[in-house]
Every structure is written in C-alpha cells, then in structure tokens.
1. Which residues, taken from the range B:129-141, are in contact with a helix residue (DSSP H, G or I) (Cβ under 7 Å, 6 or more places away or on another chain) and open to solvent by 10 Å² or more (accessible area, probe 1.4 Å)?
2. Does residue A:41 satisfy the criteria of being of a type outside the set (Gly, Ala, Ser) and open to solvent by 50 Å² or more (accessible area, probe 1.4 Å)?
3. For residue B:281, are the conditions met, namely being out of contact with any Pro (no Cβ under 7 Å at 6 or more places or on another chain), closer than 15 Å to residue B:222 by Cβ and of a type in the set (Ser, Thr, Tyr)?
4. Restricting the range B:77-105 to residues that are more than 8 Å from chain A (Cβ to nearest Cβ), touching a residue at least 40 places away in the same chain (Cβ under 8 Å) and surrounded by fewer than 23 Cβ atoms within 10 Å (Cβ to Cβ), which is nearest to residue A:196 (Cα to Cα)?
5. Could you grab me the full set of residues in the range B:51-71 that are more than 14 Å from ligand 3 (Cβ to nearest atom) and touching a strand residue (DSSP E or B) at 6+ places or on another chain (Cβ under 7 Å)?
6. Among the helices (runs of 4 or more DSSP H) lying completely within the range A:90-207, list those that include at least 3 residues that are in contact (Cβ under 8 Å) with a residue 12 or more places away in the chain, over 25 Å from residue A:262 (Cβ atoms) and in the same structural domain as residue A:257 (by TED's automatic domain parsing).
7. For the range B:10-49, which residues satisfy the criterion of being open to solvent by 30 Å² or more (accessible area, probe 1.4 Å) and more than 16 Å from ligand 2 (Cβ to nearest atom)?
Amino acid sequence: MAVAQQKTLAMNGDEAVALAVKQSDVDVVAAYPITPQTIIVERLSEYVANGEVETEFVCTESEHSALTACLAASATGARTFTASASAGLALMHEILYVTSGCRAPVVMAIANRALSAPINIHCDHSDSMVERDSCWIQIYAENSQETYDSMIQSFRIAEHLQVLLPVMVCLDAFVLSHTLENVQILADETVRKFVGVRQFPLVMGHEGKEVPFKLDPNNPITMGPLDLHDYYFEHKRQQEEAMKIAPRIIKEIHEEFSRISGRKYGNGLIEAYRLEDADIATVCVGSTAGTTKTVVDHLRTKGTKAGLLRLRTFRPLPLTEIMGALENVKALAIMDRSNSFGGSGGPIYHEIRHSMYDAPTHPHIVNYIYGLGGRDMPPTTILNIYKDLQEILQTKKVKRDVQFAGVRQ
Amino acid sequence: MTTTSWKPTAKEIVEKAELFTSGHRACAGCGPAIALRQVMKATRGPTIVTNATGCMEVVSTIYPYTAWKVPWIHTAFENVAANASGIEAALKAMKRKGRLAHENIDVIAFAGDGGTFDIGIQALSGAVERGHDFLYVLYDNEAYMNTGIQRSGSTPHGASTTTSPAGRVIPGKLQYKKPIADIMVAHEIPYVATASIAYWQDLLVKARRGLETEGPAFMHIFTPCPRGWRYDTSKTIEIARLGVETCIFPLWETIDGEYNLSPQSKIFALKPERKKKISGYLKMQRRFKHLFRPKFKHVIDEIQHRVDERWNRLLKRCNMTQSD
Ligand SMILES: Cc1ncc(C[n+]2csc(CCOP(=O)(O)OP(=O)(O)O)c2C)c(N)n1
Ligand code: SF4
Ligand SMILES: [Mg+2]
C-alpha cells in the first residue's frame, strides 16, 4: 500500500481529535464539556449542526451519563466516542470499570488536567493515571499529529474482536489541546476505509445458539447481569487475557496505519529515542517527550550518551519492550506528572522499577515528580535531571530516589 | 399525542408470550416482579430493556441465568435513563445509516424508587429534557429493598426502615414522599401516568400509551413489597388496591400536561364517602406497626391529613373538586 495523499492543516490537539472522530464513521457521541476538552465537544457539535456527519450527538447532563450513554450505545452496536478530563473523568470512574467489564469498545479522548483541590485547569496526568486499573487501554500522545493518528487507530484497536476493550487517547492539557500545530490529514475516504464497519463476536445466546454480541431483538442476550463468586473471577480473568493480546494488536494496527500515513511512533507501544548506546536516560509519557528529545540532542552534541524512552501505551504496559529498550542504560530518571500520595513516587516509576527487576543488570533509578497543575517543564529543568543522572553515573549513588522537579522547596 | 384504543382482554394477555419469564428469584408475592411482567405484556414489537441496579435486576439475571426474552442491559444504579439515552441514540444513528434490521425498536427503562427519586434523578431529568424516545418505568416499593430496606425519597412518612427505624423517640421516617410523578409532569414531557398492579388492565393500557408516545414517557407503578413492608405474601394485590382506595396512591395520567383522573380513582372523587381511611392501610403493614402505640398515634392523623391534602390538590389539577 502506498502512502496516501494528505494535506497539512494548522490545528490544535482538540481539533485534531474532533476531525478524527468526524472521519471515523462514529455513530454516537455523548459528551459533557470541561476545560480543556471543550473544543472537541464544540467542534463535533458544529459538524452535526452543519450536517457534515451522520453521528448522533447526545449532549448529556453529566460525564457519568455521557460515558453511560456511550456504553449503552456501544452495547446496542454503535461506534461511540466521548471526551473528558480531570473532574469529568473522575465522575466517570464507576462507569469506566462497567464499560470495560461489559467489553464495550468505547473510545475516549482525555485532555489530561489536574484534579481538584485546589481547582486548576492545567496539565498533569493525575486524572488518567488514577484510572490505570480500570481495564482501559491508555495511549499517551506526544503531539497533535500523534493525537490525530492515535484516535483513528483506537477505533480499530478497541473494536478488534480479540481485544474488545475501551481505549483512552490522552493529550496534555493546553500544551497539546490548545496549541496550534501543523497536522497532516488523511482524506475522509482513506480513514473510513481504514476504520471499516464495526464487527461483533459471536456469543452463546438464550436459545443455546451463537448470536452477535449486541442488544438485538432478533437475537436477545442479557448484558451486565449479576455475576457472583462462581463466575465473576473468570470474567475478570478474560479481561486480563484481552489486555495480554492487546500489545500485538496495537502494534499491528500502528504498522498498518503507518503504511497509509507514512508516520510511526516507535513500535506503537514504546518509542526509544537515541537509546541504543545511552548510559543515562529518562522515561516519560506525553508532550514532555518532545522537549526531552531536544535536550537529548543537545547533550549528544556535547558527547553525553543520553537517551529517552517514551511510553506510548501505559496500559497495556509493554513490559518486555521496556526491559529490552533500557537494557544498557546505567542511570535512569523516571518522570511522573502525577503522584501517588503516601506511596513511593509516581505510577510510571513503580511500573518501570518493577519492569527492571528481572533485567540482567539493574540501572540506578530515580523518580522525578514534575509539572503538577501545569507547572512548566522547560529544557533547563530537564537538563538538570540529566546532570543529576551524570552524577549518579559517576558516584554510583542515588541520594534520594523520589524527587520533585521544578517546585519551590 | 395519540392515545391507544388498545383494550387488552385477559385471554389475549394470557396467550401473549412471557417476555419476563418465571424462574427469577424474587420473593413470593413480589409486587415489582408483577409490574415487570405486566409492562412486558404491553409491548408492541421489538423492544430493548434496560434496568437499574436494584431488586429486579438482581433477581432476574443471576449469571448464567436470565428471566429476559428481550435484549436487556444493566450498567449501574443511578444511570438507567442514560442507558436508555444511549440505546435510543444508537438506534437512531444506525437506522439513519441503514444498519438497523428493524423499522422501530421500543426502549424501556426499569428502576426502583431509589434509582429514580434519589440517585437516578439527575440522569432521568437530563434524559427527558433531551427528549429521548423511551418509556421509563418506576416500580415503587418505597425503600431500597435490594440492600435491606433502607429509606428513600419515596418512603412514606412514618414508615420504619433500617435507616429510619422506629425508635423510642422517633416514629420512623420523618419526611414525606417526594411527588415524583408531578416532578416529571413539570418536565413538560408528553406522557406521565401512575398505575397500580391491582388494576392490570389500566396498567397495560398506560404502558402501551407510554410506548406509543413519541418522546419520553414516565410511569410510576405502585408495587408493594411483602419483605420490606412486612405483610403476608398473599396480600400484595390487596394492598396495591388499598393504596388506590385510600387515595394515598391515586391513579391518573397526563397527556401533554393535561391531568386526567383514571376511573379507578375517579370513583372516589364522585363518591367521596367510598374513600377508605388510611389507618386500615397502615394497620396491614408492620412497617407502620409502631404508629398504633399511643405515643405515636398522632402520626396517623398527620398521614391522613397529608393524603387528603394531596388528593384535593390532584382533584384541582384534574378539574374535579370533591364538592362537584
Ligand atoms: C452508586 C451505588 N450506590 C449504592 C449502591 C447500592 N445499592 C444497590 S441497589 C440499592 C437500592 C435499590 O433501591 P431501589 O432503587 O428502590 O430498588 P429496589 O431494590 O427497592 O428494587 C443500593 C443502595 C449501588 N449499587 N451503587
Ligand atoms: S424484597 Fe421486595 S421488591 Fe425485592 S424481591 Fe423481595 S418482594 Fe420483591
Ligand atoms: Mg425500592
């Protein structure tokens, strides 16, 4: 397949999400506005008002109902989308688990924003990180282009018959959601062809015959039943199995998309940046990776063997990939834009330290909590972190394993 | 709005297939289970049902069994109206795109009083405001039965529940029942009705009207619960009838906002002397037992007073005053 014709448009991350939804033959959008996701909902409303889409737009009275409506619409057979952030995502918390438990392939964009209190509209990852156990696939985009591309891929990933799990596409508040960027856009027909029409797996129906897994009066099934100690556990186990299959599917769909778009984000799960011979490296998700790449390039010109590992998916966690990519790194800084209060550092730190436990050699690992509530993460702060790593490399000592970067002490 | 001319006969109803089947695990004499069966007998074609968490969800779908012969979904407690919104939106979009096998599919949402008066009122208010085409059926057993008889916004004044227990100083629930059906009328939706499982024909006709309504329809069904109201399981229908005869649960409907008293209640407007005293109704249920202690006897008068007050207000709304 040849790379398809594309055009370049200046748009922010939210608009990129809305456009991807418009092109992906979505049946139902149910959403509730919250800064910095609002533009997504507004653009989609305009598409509907102008008759540019056949989508049914349900402007609900809360996020709880927005996700519920998507879940129920998805169970009815529709392709569905919603978007939220911060307090809105927290309000959805209950239904996040119900959505994945009902195996409803809902796609949701999250414009990552700090949680209250104090109330704050700016970027950090506390809202989506706290939902890491909800059995949603989480993709963190580095820029608006990746946001657009990931959105289109997500419908395919979520609806894949071996996966059938909801997907969150996370984009950093304001840094991505509101910042204009050149984005390469595929033609409507190209996207439509790529996403295709939703298919349904066959399940055992009431009369003992196999029927499509959806609410269909011709083939009635019961969804969301009471499921007690005799079966619940098996159903939860099935969700874990789906998460185990997901990495392969995410990679395949990412690969297939790259053939029409010409764009790749590592292998779809992780992106290793100048890591092959790196002695020191950082690990992060989201837009900070962009700034970090500049810092790495700068350090390389000075002869410092610096690298970066960006996790594109945090769920499923690509454990073996992470271990492989960090194999030769000697000092490692894990960057968390959220904190696990009273624990020992942020969630990415926990996961990476855990991933490295079985590695043949163990690097020194430090954790930096940064950027809470939208605190800027300039190249200078990142540079200082690499300097700390160089010191660790020389002294072979970690002074403090969990630190805060860019905060008044 | 069109009103149905459908008048089901007992024969027709018995012969119609059961869509909510027996074998579910509801208690003997369960009022809500009767309501569900009756409503499902009023369906007119392909139907999708969604249920809030509560007794009816729990007793009818213990995996891997189900009592439902129609597509059915439960997601949570407070969001059944949002389920209906999503289902209806999906059907609309799929029909528009030519991906729906049916010309019309009706959507019914069932919820208890907890799922409606209390935790579910936001989703319900939002869904009807948006005008989704569905029938919302509230089966009212006047407490959270599934979790062990806790008070709700529907629990009547004076009733003892596990969170409004009758004690030495407090005579059960202090507050009065929220007028939920009037609240739904105030949403200016095309159809609202109250019904009692003691009057099955009236209930079925109203359910059919609700299904035929284009846009949101709301039904409030009076469904005694022997377990929570503490009476013998054989008395469910008797109590459901007494609720109407005492006018504590009058039967009426609004079509495009116009109140109409149903015949079963109209009789008490025309012949007020036939309206029964509330004390007999209370006496039958042990949730009100403490009210018959001398110390709390005044509560019975309070209840009677409030029943009369609400009844008279309803009569005014229906353009029927008791002196007419
Ligand atoms: C968010 C949430 N809060 C509380 C519960 C616990 N809960 C389950 S059913 C129920 C009461 C249901 O009462 P009602 O709606 O009146 O239905 P009934 O059981 O009486 O049929 C409660 C409190 C829950 N499932 N979800
Ligand atoms: S507790 Fe009441 S409502 Fe629940 S199943 Fe038993 S009788 Fe029915
Ligand atoms: Mg109840």
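1. First pass over the range B:129-141, keeping only residues in contact with a helix residue (DSSP H, G or I) (Cβ under 7 Å, 6 or more places away or on another chain): B:130, B:132-139, B:141.
If the condition is that a residue be in contact with a helix residue (DSSP H, G or I) (Cβ under 7 Å, 6 or more places away or on another chain) and open to solvent by 10 Å² or more (accessible area, probe 1.4 Å), then B:130, B:132, B:133 are the ones that fit.
2. Values: of a type outside the set (Gly, Ala, Ser): yes; open to solvent by 50 Å² or more (accessible area, probe 1.4 Å): no.
No, not satisfied.
3. Values: out of contact with any Pro (no Cβ under 7 Å at 6 or more places or on another chain): yes; closer than 15 Å to residue B:222 by Cβ: yes; of a type in the set (Ser, Thr, Tyr): yes.
Spelling it out, residue B:281 is indeed out of contact with any Pro (no Cβ under 7 Å at 6 or more places or on another chain), closer than 15 Å to residue B:222 by Cβ and of a type in the set (Ser, Thr, Tyr).
4. Here the answer is B:104.
5. The first filter runs over the range B:51-71 and keeps only residues more than 14 Å from ligand 3 (Cβ to nearest atom), leaving B:60-71.
The answer is B:60, B:61, B:62, B:63, B:66, B:67, B:68, B:70, B:71.
6. Working: elements: A:126-129, A:144-159, A:188-195.
Because the criterion is at least 3 residues that are in contact (Cβ under 8 Å) with a residue 12 or more places away in the chain, over 25 Å from residue A:262 (Cβ atoms) and in the same structural domain as residue A:257 (by TED's automatic domain parsing), the helices (runs of 4 or more DSSP H) in the range A:90-207 that meet it are A:126-129.
7. Result: B:10, B:11, B:12, B:14, B:15, B:16, B:17, B:18, B:19, B:44, B:45, B:46.
Here is a yes/no grid of residues against (1) under 14 Å from the mean Cα position of the chain (by Cα); (2) within 16 Å of ligand 1 (Cβ to nearest atom); (3) open to solvent by 10 Å² or more (accessible area, probe 1.4 Å); (4) within 14 Å of chain A (Cβ to nearest Cβ):
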| position | (1), (2), (3), (4) |
| --- | --- |
| B:182 | yes, no, yes, no |
| B:187 | no, no, yes, yes |
| B:195 | yes, no, no, no |
| B:203 | yes, no, no, no |
| B:210 | yes, no, no, no |
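The values are calculated or read from the model by the stated rules, or taken from the named source; none is laboratory data. For clarity, every value in this text was computed on a predicted model and none was experimentally measured. Heads up, the Cβs are rebuilt from the backbone with ideal geometry, glycines too, and the neighbour counts pull from every protein chain shown. Please note that ligands, DNA and RNA were not included when accessible areas were found on the heavy atoms of the full protein model with its side chains. Shrake-Rupley method; radii C 1.70, N 1.55, O 1.52, S 1.80 Å.
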